[in-house]
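What follows is one structure encoded as structure tokens, with my remarks underneath.
The values are calculated or read from the model by the stated rules, or taken from the named source; none is laboratory data. This structure is a prediction, so every number in the text was calculated from the model and none was measured. No Cβ is skipped: glycine too gets one built from the backbone with ideal geometry, and neighbour counts run over all protein chains shown. For accessibility, only protein heavy atoms count, side chains too; no ligands or nucleic acids. Shrake-Rupley method; radii C 1.70, N 1.55, O 1.52, S 1.80 Å.
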Amino acid sequence: EDLGQRADTLARVLLARHGVDAPATPPGALLQFYGPARSIPTLSYYQALDPPAFLPPGVFAGRDVIVGFSLQAAPTVDEGGPDAFMTPATVRSGALLAGVEIHATVAANLMAGHWVRAAAPWARLAAICAAAGLAAVLLWRGGRVRLIPLGLGLAALPLAVWLTLRLGRLWLPPLAPMAAFAATTAAQTLRDFAAERRLRAGLTRAFSHYLAPPLVERLARDPGALRLGGDSREITVLFCDIRGFTA
């Protein structure tokens, strides 16, 4: 939710009535929601019409009250509803947020400075380069043993974005860094696969004239077995003769 689209409406007027000069929001500032629908204290209109019967004494004392339309049960995405909007919490709860609660959220953001800043272009580029570099480091030696670190590295990217958002109120879109991580992984994997294919083909051509086919296949599977000095082993040799073979 772009805070700049709503900041100059009811929220700023409400704060100005109390002598609060809300700070100017930076370009591209985003609205930080505090949770799903009804996260901000909400009372039904019938309760306000008869406070002694339904509300504790002085419940409105010293408080600002925004009056607006809000269904008792928050409308869902499938059902829709008038003056109801999707928020990040809709993904989990499936419920829309009433417009009156959005106005209250804007006022709280402005009063406490809780809006979310969008990351600068250079920060996004740095995140993309960092993700690609992380994938390159994890793939430096190659091999299947790197699959677990790669999986952990890919899972760490959205976690880092979430921590940046929650702790630093900085929004860094995770899609581009994750795409850079995946692209680097795919490119390095294809490169290693092609190099291994060339190595196996070269070994097969070089030793097919000197060694038995099973040994050539063994060397192709494990080029590390090809080393100077041979291989020392304990073996058993059977010398046999066939009686009367000479005649």
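Of the candidates W122, W115, the single residue that is within 30 Å of L157 (Cβ to Cβ) and touching a residue at least 60 places away in the same chain (Cβ under 8 Å) is W115. Of the residues making up region 160-170, at least one is assigned to a strand (DSSP E or B) and out of contact with any Leu (no Cβ under 8 Å at 6 or more places or on another chain).
Do we have R200 as closer than 26 Å to A220 by Cα and surrounded by 14 or more Cβ atoms within 10 Å (Cβ to Cβ) here? Against the criterion (closer than 26 Å to A220 by Cα and surrounded by 14 or more Cβ atoms within 10 Å (Cβ to Cβ)), R200 qualifies. In the condition set (1) under 23 Å from V137 (Cα atoms); (2) exposed (fewer than 14 other Cβ atoms within 10 Å of the Cβ), R205 is compliant with all but (1). Inside region 183-209, residues that are among the charged types (D, E, K, R) and not in a helix (DSSP H, G or I) make up a count of 0. Select from region 97-116 the residues that are buried (at least 17 other Cβ atoms within 10 Å of the Cβ) and within 28 Å of P177 (Cβ to Cβ) and list them in ascending order. If the condition is that a residue be buried (at least 17 other Cβ atoms within 10 Å of the Cβ) and within 28 Å of P177 (Cβ to Cβ), then N109, W115, V116 are the ones that fit. Among the residues of region 1-20, the ones that are of a type outside the set (A, V, I, L, M) and at pLDDT 75 or above come to 3 in all.
Tell me which residues, restricted to region 188-197, are open to solvent by less than 60 Å² (accessible area, probe 1.4 Å) and among the hydrophobic types (A, V, I, L, M, F, W, C). Answer for region 188-197, where residues must be open to solvent by less than 60 Å² (accessible area, probe 1.4 Å) and among the hydrophobic types (A, V, I, L, M, F, W, C): A194, A195.
Of the helices (runs of 4 or more DSSP H) that lie entirely inside region 29-96, those containing 1 or more residues that are surrounded by 14 or more Cβ atoms within 10 Å (Cβ to Cβ), touching a Phe, Trp or Tyr at 6+ places or on another chain (Cβ under 9 Å) and modelled with pLDDT of 80 or more span 45-49, 51-54.
Each residue in region 210-233 was checked for being surrounded by 12 or more Cβ atoms within 10 Å (Cβ to Cβ) and part of a helix (DSSP H, G or I), and 7 pass.
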